Amino acid sequence: MRREQKNFDNVIQTGIDFVKKNRNKIDSINFGTGEPTVEPSFFSFCDQLNRVAPNVTLGVTTNGNLAKAARNPYNLDVFIRCIEDIDISLDFGDAERQDESRNCEGAFQGVIETLKLCQKYGKNATVVSVMHKYNCSYSNFSSMIRIARLYNASFRINILRPTVDFSFALPYKNLKDNFINLIREYEVESIADPLLAALVEADCPNGDPTAESSFRILPNGYVTPSTYLLDADWQVKRLDEIDNIDSMHELDSFKKIKAVEIPQSCGKCRMREICKGGVFDRRWLWYHDFSENDPYCPLRFGDSLDWKQLSGNVIYSKKRKSFVHDGYLPTLIFNPTINARALSRWDNIYLNYRSSYNSNEPDQYILKAEEITSQKTKRKVLDLGSGLGRNGKYFLSKGDYVSFIESSKVANDILVKSLLDKNIMSGYSVIECDIVEFLENEKNESFDIVLAMHIISHGTIDIIASSYIKNIYRVLKKNGIACITLPSITDERCPNHGADIYEYTLEDGPEKGIVHSFYSEAALLSEINGFEVLEIDEKTNDSGNAHWNLILRKR
């Protein structure tokens with residue numbers, strides 16, 4: 001509904017009358033597409049709907065404005081009494097990109113505040129993201145799922161359905177890689193996409209649920225059988241022309257969906273009876289022809305149908321919630337709890353030995369690096385293997401932009417929660433990925449400062465030289481500063497004292513089983529060609545652990 005429409009109040013009353021007549025046949029109503037909470041009459045409308053149909057679940061999809069709207073006492077009261085299911089839209093897991101994608105400063109903060117509001121009042125919250133070409137990286141989805149996890153929300157994905165512009169359409173490989181990662185790492189609450197369900201042998205008993213038990217009401221008052229089928233051909237009748245909800249199934253647009261057959265191209269495909277050719281709306285939007293199968297069918301790309309070999313068995317959530325969006329459109333819903341099989345060695349280290357890494361004080365060499373570069377404002381800082389973030393947080397407190405790079409989901413959860421609890425929403429990104437992978441893909445001369453404290457020692461000598469040191473130099477701006485810590489050959493954990501370089505796998509302690517590389521001063525200096533050494537210092541702690549601490553400047 002749109003306020004600029006004529007007879008706006010009549011439109012509102014039409015909706016109320018329709019729900020009142022059909023309240024025993026309606027399970028739920030969701031308000032989405034756009035931002036319904038900015039409409040002044042929205043909460044009053046929900047209040048009236050709840051009065052005439054108290055057993056109908058009301059849901060809303062919001063970009064995050066709900067928290068702002070709920071500052072009004074009446075709106076908050078309606079939210080508490082009447083609205084049970086809240087979808088919070090998120091495109092990116094950091095403030096800068098989320099705000100930019102929504103063209104709205106504070107959009108990310110609105111998402112967090114709305115999640116906190118839902119958590120406070122025990123509402124059924126879901127973070128929902130449209131997966132498209134420009135947001136489908138592993139690290140971005142890890143960041144968005146983390147936000148859902150931190151606020152006890154579920155995570156829902158809609159694969160982008162382009163209705164006009166296909167430039168944002170999700171490439172096949174990105175869909176495959178992301179979906180396999182999601183199945184491997186998280187618990188499934190619902191997969192109502194028959195193609196994707198078939199590929200990993202997940203339950204999808206009803207196939208594509210489009211037009212079976214739902215319809216969409218467009219702002220012009222017309223109804224369609226699908227959220228995404230919006231052309232005039234699908235708009236057969238207005239809501240005010242429909243008296244009985246059951247009669248919708250006799251509309252031509254609904255009949256057209258129900259009459260769709262499995263494409264002949266599916267032939268003797270072993271998934272034929274489960275997939276049934278894929279999702280209706282994708283087939284229509286891509287080809288305008290239901291005789292075509294799904295545009296993401298692997299066979300179109302000469303690929304295997306057995307994605308389960310890569311994802312592992314589907315693990316279903318034991319605490320499955322009830323969702324407004326579950327079962328009426330082809331969508332994917334996950335419990336963001338991390339599967340045990342997805343926990344890395346470092347995840348388990350942070351789970352079991354968190355106190356060993358829990359300091360909030362920055363390393364003293366970080367303070368020296370900050371002093372050296374203090375003449376610069378808004379420095380770009382790269383914190384490699386950031387852990388719980390103590391060093392990067394220091395620069396964040398100075399107003400710098402910090403990129404935290406950490407492969408551990410557990411460590412990143414702890415870091416992000418600590419920042420959001422302090423209402424620190426922007427000025428940083430937390431990127432969940434392998435450090436070598438990040439460095440090798442990062443642009444030249446991107447950072448003023450690179451921190452590699454007690455991290456690049458976790459690897460073999462050849463990796464440290466060819467991947468870490470070389471790429472740290474490359475990503476630093478001219479005259480940029482690198483702070484690096486590496487174990488000394490005099491460390492009592494190293495059994496081969498006297499050698500210049502020694503690789504050793506620790507036999508005890510939190511990092512048992514992890515390869516460390518130990519250096520003499522001469523060997524260390526030979527690896528840092530191109531850097532000016534501002535400081536090199538060997539320190540041994542009370543436990544006998546010895547480290548070289550370096551402050552380097554890129555020439």
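The values are calculated or read from the model by the stated rules, or taken from the named source; none is laboratory data. This one's a predicted model, so the numbers in the text were calculated from it and none came from an experiment. Note: ideal-geometry Cβ built from the backbone for every residue, glycine included; neighbour counts use all protein chains shown.
Kindly state which helices (runs of 4 or more DSSP H) lie completely within region 270-334 and contain at least 3 residues that are over 16 Å from Arg161 (Cβ atoms) and not basic (Lys, Arg).
272-275, 308-311
Kindly indicate whether any position in region 359-368 is under 27 Å from the mean Cα position of the chain (by Cα) and either assigned to a strand (DSSP E or B) or of a type in the set (A, V, I, L, M) (or both).
Checked against the condition, which is being under 27 Å from the mean Cα position of the chain (by Cα) and either assigned to a strand (DSSP E or B) or of a type in the set (A, V, I, L, M) (or both), region 359-368 yields no hits at all.
Taking interchain pairs and intrachain pairs at least six residues apart, which have beta carbon atoms under 9 angstrom, with the first residue in region 486-508 and free of Cβ contacts under 8 Å to residues at least 12 places away in the same chain and the second of a type in the set (A, V, I, L, M) and assigned to a strand (DSSP E or B)?
Close Cβ pairs satisfying both conditions: Thr505/Val515.
Results for (1) modelled with pLDDT of 90 or more; (2) polar (S, T, N, Q); (3) under 20 Å from Phe155 (Cα atoms); (4) touching a Leu at 6+ places or on another chain (Cβ under 7 Å), shown as yes or no for each residue.
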| position | (1), (2), (3), (4) |
| --- | --- |
| Pro194 | yes, no, yes, no |
| Cys204 | no, no, yes, no |
| Phe215 | yes, no, no, no |
| Val223 | yes, no, no, yes |
| Val236 | no, no, no, yes |
| Ile242 | yes, no, no, no |
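Looking at region 207-218, can you tell me whether even one residue there is aliphatic (A, V, I, L, M), over 21 Å from Asp326 (Cα atoms), in a loop (DSSP other than H, G, I, E, B) and free of Cβ contacts under 8 Å to residues at least 60 places away in the same chain? Write out each step before concluding.
Quick first cut of region 207-218, residues aliphatic (A, V, I, L, M) only: 211, 217-218.
Next cut, over 21 Å from Asp326 (Cα atoms) only: none.
No, there is no match, as no residue in region 207-218 is aliphatic (A, V, I, L, M), over 21 Å from Asp326 (Cα atoms), in a loop (DSSP other than H, G, I, E, B) and free of Cβ contacts under 8 Å to residues at least 60 places away in the same chain.
Using the structure shown, decide if Tyr328 is hydroxyl-bearing (Ser, Thr, Tyr), within 26 Å of Phe155 (Cβ to Cβ), crowded, with 17+ Cβ neighbours inside 10 Å and in contact with a Pro (Cβ under 6 Å, 6 or more places away or on another chain).
Yes.
Specify which of the listed residues (Asp91, Asp99) is within 24 Å of Ser403 (Cβ to Cβ), acidic (Asp, Glu) and within 13 Å of the chain's Cα centre (by Cα).
The unique qualifying residue is Asp91.
What residue, of Ser418, Ser407, Ser386, is part of a helix (DSSP H, G or I) and either in contact (Cβ under 8 Å) with a residue 12 or more places away in the chain or not basic (Lys, Arg) (or both)?
When all the criteria are applied, what remains is Ser418.
State all residues of region 50-101 that are surrounded by fewer than 20 Cβ atoms within 10 Å (Cβ to Cβ), among the aliphatic types (A, V, I, L, M) and touching a Leu at 6+ places or on another chain (Cβ under 8 Å); if no residue qualifies, say none.
Across region 50-101, the qualifying residue is only Val56.
Return the residue satisfying two criteria in turn: it lies in region 147-169 and is surrounded by fewer than 21 Cβ atoms within 10 Å (Cβ to Cβ) and of a type in the set (Gly, Ala, Ser), and of such residues it is nearest to Val410 (Cα to Cα).
It comes out as Ala169.
Can you tell me which residue within region 232-276, out of those that are free of Cβ contacts under 8 Å to residues at least 60 places away in the same chain, charged (D, E, K, R) and closer than 28 Å to Leu299 by Cβ, is surrounded by the most Cβ atoms within 10 Å (Cβ to Cβ)? If you could, list the steps in order and put the result at the bottom.
Keep residues of region 232-276 that are free of Cβ contacts under 8 Å to residues at least 60 places away in the same chain, which gives 232-238, 241, 247-270, 272-273.
Going one step further and asking which of them are charged (D, E, K, R), we end up with 233, 237-238, 241, 250, 252, 255-256, 258, 261, 268, 270, 272-273.
Applying the additional criterion that residues be closer than 28 Å to Leu299 by Cβ yields 256, 258, 261, 268, 270, 272-273.
Working: Lys256: 18, Lys258: 12, Glu261: 10, Lys268: 5, Arg270: 10, Arg272: 15, Glu273: 11.
Checking each candidate, the answer is Lys256.
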